[in-house]
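The values are calculated or read from the model by the stated rules, or taken from the named source; none is laboratory data. Just so it is clear, the model here is predicted, and its values are computed rather than measured. A quick note on method: Cβ atoms are made from the backbone with ideal geometry, for glycine too, and the neighbour counts reach across all protein chains shown.
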Amino acid sequence: MTDLVLSLDVTERASALRIARACAEDVDAIKVGYPLVLGAGLGIARDLADLGIPLIADFKVADIPNTNTLICDQVFAAGFSAVIAQAFPGPDSVVACVESAHTHGGECYVVAEMSHPGALTFFSEGVPEAICRLVVETGADGIIAPATRPARIRALRDLIGERKILSPGVGAQGGDPAEVAPLVDGMIVGRAIYGAADPAAAARVYAPYRR
Ligand code: C5P
């Protein structure tokens, strides 16, 4: 029903490679963010990409267009196949990420709404809906929407047409895979897999929900 995206938020190269190798058959993509890149260096991307698993850069890119272009060009040169951007700097900043992604044959996802409780402070009152309109206007490939609030995923799905939804919040944050999997294109799971004694077995828990 959905892809399983491992959010690999460990900070040591050896742990990252051990977990990624163990889970390689049981996940469809790996999401790498600041914790791992700051801990292990950007070269970890090439090491992980060499395993043949698509890599998503969760850098929530949020700068002026020129800087976004410079960041995204480095992301794709490092071996990533997708990047996650923030929408709040505006459409020109998002377009910079989308153009870099598409130039490199990759994808750009935009955060529409976050999954933690405090996210509602600013991601409320029509803001995620406006972000979805921006996603359509800018040609971005999809959105990040919260597995912790399935009703919101349904509402935002109506606004983005055929574009994809990647959804964090299953597992440690309490999102229910059975409810979320039919609604999204990718279910993002971090601690519930990489924090398990047997990460591969933990990843296989989600096998019934994979397409
Ligand atoms: O460990 P857990 O499964 O909660 O990891 C979720 C991952 O998704 C983390 O890397 C977190 O930064 C990221 N994320 C999120 N909510 C968003 C966007 C990204 O939880 N809206």
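Kindly provide the set of residues from region 119-146 that are within 16 Å of Gly175 (Cα to Cα), small (Gly, Ala, Ser) and at pLDDT below 95, ordered by number. Answer for region 119-146, where residues must be within 16 Å of Gly175 (Cα to Cα), small (Gly, Ala, Ser) and at pLDDT below 95: just Ala119.
Screening Ala14, Ala77, Ala20, Ala24 for residues that are surrounded by fewer than 18 Cβ atoms within 10 Å (Cβ to Cβ), within 22 Å of Ala172 (Cβ to Cβ) and free of Cβ contacts under 8 Å to residues at least 60 places away in the same chain leaves exactly one candidate, Ala24.
Filtered by the rule that a residue be within 11 Å of the ligand (Cβ to nearest atom) and either farther than 18 Å from Arg149 by Cβ or loosely packed, with under 14 Cβ neighbours inside 10 Å (or both), region 178-191 gives a lone residue, Arg191.
Only residues that are within 15 Å of the ligand (Cβ to nearest atom) and assigned to a helix (DSSP H, G or I) were counted in region 114-154, giving 13. The set of residues in region 159-174 that are buried (at least 17 other Cβ atoms within 10 Å of the Cβ) and within 8 Å of the ligand (Cβ to nearest atom) comprises Pro168, Gly169, Val170, Gly171, Gln173.
Of the residues Gly139, Gly175, the single one that is touching a helix residue (DSSP H, G or I) at 6+ places or on another chain (Cβ under 7 Å) and touching a residue at least 40 places away in the same chain (Cβ under 8 Å) is Gly139. There is at least one residue in region 69-82 that is part of a strand (DSSP E or B), among the aliphatic types (A, V, I, L, M) and either under 22 Å from Asp3 (Cα atoms) or within 16 Å of the chain's Cα centre (by Cα) (or both). Looking at Gly106, is it surrounded by 21 or more Cβ atoms within 10 Å (Cβ to Cβ) and away from the ligand (no atom under 16 Å from the Cβ)? When the stated conditions are applied, Gly106 passes them.
Part of a loop (DSSP other than H, G, I, E, B) and surrounded by 16 or more Cβ atoms within 10 Å (Cβ to Cβ), is that true of Asp58?
Values: part of a loop (DSSP other than H, G, I, E, B): no; surrounded by 16 or more Cβ atoms within 10 Å (Cβ to Cβ): yes.
No.
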